[in-house]
Each structure stands twice: as structure tokens, then as C-alpha cells.
1. Select from the stretch 35-59 the residues that are out of contact with any Leu (no Cβ under 8 Å at 6 or more places or on another chain) and more than 15 Å from Asn7 (Cα to Cα) and list them in ascending order.
2. Looking at the stretch 39-63 only, could you name the residues that are under 16 Å from Arg16 (Cβ atoms) and without any contact (Cβ under 8 Å) to a residue 40 or more places away in the chain?
3. Looking only at the stretch 121-176, how many residues end up being exposed (fewer than 14 other Cβ atoms within 10 Å of the Cβ), small (Gly, Ala, Ser) and assigned to a loop (DSSP other than H, G, I, E, B)?
4. If only one of Arg147, Arg122 is in the same structural domain as Cys172 (by TED's automatic domain parsing), touching a Leu at 6+ places or on another chain (Cβ under 8 Å), closer than 25 Å to Pro170 by Cα and among the basic types (Lys, Arg), which one is it?
5. Residue under question is Leu25, and the condition is that it be free of Cβ contacts under 8 Å to residues at least 40 places away in the same chain, among the aliphatic types (A, V, I, L, M) and within 19 Å of Ser134 (Cα to Cα); does it hold?
6. Mind checking which residues of the stretch 50-63 are surrounded by fewer than 18 Cβ atoms within 10 Å (Cβ to Cβ) and under 24 Å from Cys172 (Cα atoms)?
7. Given the conditions (1) in contact with a Pro (Cβ under 9 Å, 6 or more places away or on another chain); (2) closer than 29 Å to Val157 by Cα, which single one is not true for Leu25?
8. Taking the options Leu47, Leu78, Leu66, Leu38, name whichever one is surrounded by 20 or more Cβ atoms within 10 Å (Cβ to Cβ), farther than 16 Å from Val159 by Cβ and not assigned by TED's automatic domain parsing to the domain that holds Arg167.
Amino acid sequence: MHGIVMNQFRQYVIDRLGRDAWTPLAEGAGVPPESHRLEGVYPDEHLVALVLAASRRTGTPLNALLEDFGAFIAPALLRVYAPLVEPSWRTLDVIEHTEQAIHTVVRARMPGAAPPALLARRVSPTEVHVDYRSERGLCSLAEGIARGMAQHFGEEVEVSQPECAHRGDPRCLIVVRLAAAA
């Protein structure tokens, strides 16, 4: 797991549950509570254990917690990868180009980070379809990131997942559509 995800999950727990919540949550999950370096790569099991522990602690369903974390982490991702994002891009543009502009660079610079493969297709000026592929199965996190990016850009989006491997479908298909202006 990429260090930025681990680092931001720590920040998420502190933000949502308070500074004193992190160490007991991490220790209870069997994960060292020290800060994760942004440029590090960590076992996927660490994030899984932390997310499960946070879900149990808060009573928040796992997918809802992952979506909320995704929205939380989006601004940090946009800051870290700003040099790879065209200044004119907005939410759908970033989603459409994430695989080529960002994930390709992450894979080259950080072997082992293994971001998901996002096969994005712009089906209209207001809609992107993303074929999400990852053994981690964190499609809810991706949905949250889309919502968080829209919030960052001051846009409203509708995010749906008409197909999901967790429901027995052959893939996860995430649809992100700009909401109609009021």
C-alpha cells in the first residue's frame, strides 16, 4: 500500500475520532502506530486491519467508511500529484486521465505501490465510466475519491456503481456524472 494512503488514514482517524484514538486503534489492529512515510510502501494487510478496526470502533459500515476516507484523502492526493495534473483539468478530467498521468508514474517510481488499474472512458462531456481493477477490492474508496475531488473543484457529481465484484459481477464499473446545475 502506498505510503500516502497509510499516512492519510492516520490523519483521517485523528480527524474523525481525535488524536488519542490513533495509537489504540493501530495497536488493536496489530499495526505499528508510528507515522507512515509518504514515499514508503506498506503491506496491504495494514490498511485492511486499520479500516476494519475503525469500522468496528465507529459502527460505520465498511463501504461507507471507505467512501468517507476516499473523500477525505482526495485533496491530499491532488496536492501531492499536482505536477502531474493539467491546470485546466476538473473532476472528470482528472478521473479520465489518472491512469496515464498519475498511476503510471507511481508504478515507475514506487515498485510495490500497485495502484489500481483504472480503465476510464469519457462517454460524454458530463460522464466518465471507470473499469476499476484491483485485487484489493477498494472500489468504495475510489467512489469516495471521486466525490472528494468534485468537492475540491466545487462541482457536484453523482457516483454510482452499476457493477461490483463484491456483488458477484465480473468487474467494478464506477460511473461518475456531473450533477445537473440547479
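1. Correct list: Arg56, Gly59.
2. Within the stretch 39-63, Leu52, Ala53, Ser55, Arg56, Gly59, Thr60, Pro61 qualify.
3. Going through the stretch 121-176 one residue at a time, the tally reaches 2.
4. Answer to the check: Arg122.
5. Considered against the rule, which asks whether it is free of Cβ contacts under 8 Å to residues at least 40 places away in the same chain, among the aliphatic types (A, V, I, L, M) and within 19 Å of Ser134 (Cα to Cα), Leu25 comes out as no.
6. Selection gives Leu52, Ser55, Thr60, Pro61, Leu62.
7. That leaves (2) as the condition not met.
8. Leu47
The values are calculated or read from the model by the stated rules, or taken from the named source; none is laboratory data. Here the structure is a predicted model, which is why all the values come from computation and not from measurement. Here Cβ is always computed from backbone atoms with ideal geometry, including for glycine, and neighbour counts include all displayed protein chains.
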